[in-house]
Every structure is written in C-alpha cells, then in structure tokens.
Amino acid sequence: MIPLEHYLILSAITFVIGAVGVVTRRNAIIVFMSIELMLNSVNLTLVAFSSYMGDATGQVLVFFVMTVAAAEAAVGLAIIIALFRNKQTVNIDEINILKW
Amino acid sequence: MENARRWVNSIIGCEPRRLSGHSVTFETVLFYGLAAASVGSALMMVTRRSPVMSAIWLIGNFFALAGLYLTLQAQFIAVVQIIVYAGAIMVLFLFVIMLLNLGDPKKLIEKISYTKIIAAGLSGGMLMELLAILGFSDVRLPEQNVDRAIQIGTVENIGKEMFTTFLFPFEITSVLLLAAIVGAVILAKRKID
C-alpha cells in the first residue's frame, strides 16, 4: 500500500519542475506547456485525496480543471499565434509591449 | 464492464492483497516506476531546446500520470487524461508549433543568466516549503479503503455525481467552452475589422 504522502510529494516535485520551466524558459510555447504540467500535478493531488478519502468530488473537480485547461490552451495558443504574426518571434523577452 | 474492471484491478494489484512488512509488491514497483517516469519526463520537457521535443516529453508525462491515476483506481480520469490531454490539447500544441515557423534552430538557444538561476533557486525553495508543510503538519492523512476507491472511480459513479450534485457547474462549463471558442477564433483571425 502506497501512503498518501508519496503521491503528495510526487505532485509537489512535478509542480516545482513546472514552476522552474515557467520562470526560466523564454520560449512562450514551452512556458505554456510548463503551465499544463503544473495543472496536471494539482490534478494528481486532487485524485489522490479523492481516492484516499473515498469522496468522488475530487475527481469531478479534476474533470472541470481539464475543461479549464483545454479552454486556456485554445485561447493561449491563439494569443501566441497573434503575437507571432505581429512580432515574428515567440521569445517572451522580445514581447514586452506591456512592460513599462 | 465488470470483467474489465476486475482485469484492470488484477493488473494494478488493487485487489487488497495484505502482504506483511515491506515486501515489494507489484503495486509499489508500479508506483515508483511511474513516479520516476513522470518526474524524468517532466525534467526532460523543461530542459529540451526544441518545442517539439518538449511536447513529446510532455505527452510521455501525461501517460505516466494516467498510469498513476489507475493505481489510484480513478479509471474514468485516467482515460479522460489520455483522450483530452494527450489526444486533444497536445495535438493543438503540435499544430501551433507546426504553424509557427520558428526558423533558425540557433535562435532557440537560451542563455543562462543570474536571474534565471535565482528564479530556479526560489522554485527549489518552494519545493522545500511544500515538503515542509507535509513533514511538519500534525494532520493525519487518511488511509486508503481500496474497495471504496474502486467504487468511486468508475464512469458510472463520476457520471452520477456530475449530473446530480454538480449539474450546474457542468452546465456552466459549456459557457466557458463557448467563450474559449469565440476568443480563439477572434484572436487567431488575421485582421480584426
């Protein structure tokens, strides 16, 4: 029997790997994929708690998180396409029009 | 359905097999193998230079996660993970990478700077913090009741919850998806009149 802690530790590790990807990578698409990784690690926590506490709510919530992630991916990738069309780059250091 | 469930459970060793002590069961091998695959593919995804390789490693991570969901008896979520994430979202990512002609591979090289090292260090601090929360908390984490876990993870049970208790959020989800479709079409349009 795997203790619940191990699932939580695994989830923390993948979340932090995703966070490192977000703060260190400069390619907008890879930053985006790192965000997906972070969402997935949170999903793992939800499913683990749901399974260990015998309550289906966590798994229903994961379903909603997946819907939000799909919507976010569609809109975010559309934004990346629009940016690339204007700037010919996906490097987020060169996309700084909102920076003051 | 019943046979399939029994088969999955016999594969992932969820039929409660009370083995004494710290004997290595198939279950533990599976969990640590999948955990290593998940962490390894996540690391590979973050460090690859080309976005296509990153996307492929991320798909590997999604498959490892689906396996982990199966070890948690969450059959429905495991299948949805493969269909929605590995199937739909990652195809969308690969399409966008294909559409954006990123050109010269040399331009994809990213330099290591002090700010990046500090940022990675702070993220490491966050990991320590998360682990400390687990380590120092007095909350007793629940033990798994395998029979109950098998019951709640089925399509039947999740569907029942979704269309009774969570019916309103489920309907609102359709509005969210509609907004996402409209937003994506407007943003990706060549010219906004």
request  = Consider all pairwise Cα distances in the protein assembly as shown and report the whole-number % of them above 23 Å.
outcome  = 59 percent
note = Using alpha carbon positions and the Kirkwood radius, the Rg to Rh ratio of chain A is 1.10
Descending Cα extents along the principal axes, the stretch B:154-193, whole Å = 47, 18, 6
ask   = How well do other chains shield peptide A:30-40, expressed as the mean number of their Cβ atoms within 10 Å of each residue Cβ?
value = 6
ask   = From the residues B:A184, B:T154, B:P169, which one has its Cα farthest along the dipole of the stretch B:154-193 in the positive direction, the dipole being from +1 and -1 charges on Cβ of Lys/Arg and Asp/Glu about the Cα centre?
value = B:A184
request  = Would you tally the net charge around B:I59, using a Cβ to Cβ cut-off of less than 15 Å, leaving B:I59 out, and scoring K and R as +1, D and E as -1?
outcome  = 0
remark   = Expected sort for B:L94, A:L4, A:L98 with the fewest Cβ neighbours (10 Å cutoff) up front is A:L98, B:L94, A:L4
inquiry  = Quick check on packing: order A:89-95, B:30-36, B:124-130, B:72-78 by the mean number of other C-beta atoms within 10 Å, highest mean leading.
reply    = B:72-78, B:30-36, A:89-95, B:124-130
remark   = Across A:A48, A:A78, A:A69, the residue with the highest GNM fluctuation in chain A (Cα network, 10 Å cutoff) is A:A78
inquiry  = Let me spell out the model: positive unit charges on the Cβ of Lys and Arg, negative unit charges on the Cβ of Asp and Glu, origin at the Cα centre of the stretch B:154-193. What dipole size does that give, in debye rounded to 20?
reply    = 340 debye
inquiry  = Taking the alpha-carbon distance from A:K99 and a cut-off under 20 Å, which lysines remain once sequence neighbours fewer than 8 residues away in the same chain are dropped?
reply    = A:K87, B:K116
task = Taking the Cα centre of the protein assembly as shown as origin, work out the dipole magnitude from +1 charges on Lys and Arg Cβ and -1 charges on Asp and Glu Cβ, in debye rounded to 20.
result = 1120 debye
request  = Provide Rg over Rh for the stretch B:21-138; use the alpha carbon set for both Rg and the Kirkwood Rh (inverse mean inverse pair distance).
outcome  = 1.06
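Every number in this text was worked out from the coordinates using simple rules, so none of it is lab data. None of the values given here were measured: they were computed from a predicted structure. Methodologically, a virtual Cβ is constructed for each residue, glycine included, from the backbone with ideal geometry; neighbour enumeration extends over all protein chains shown.
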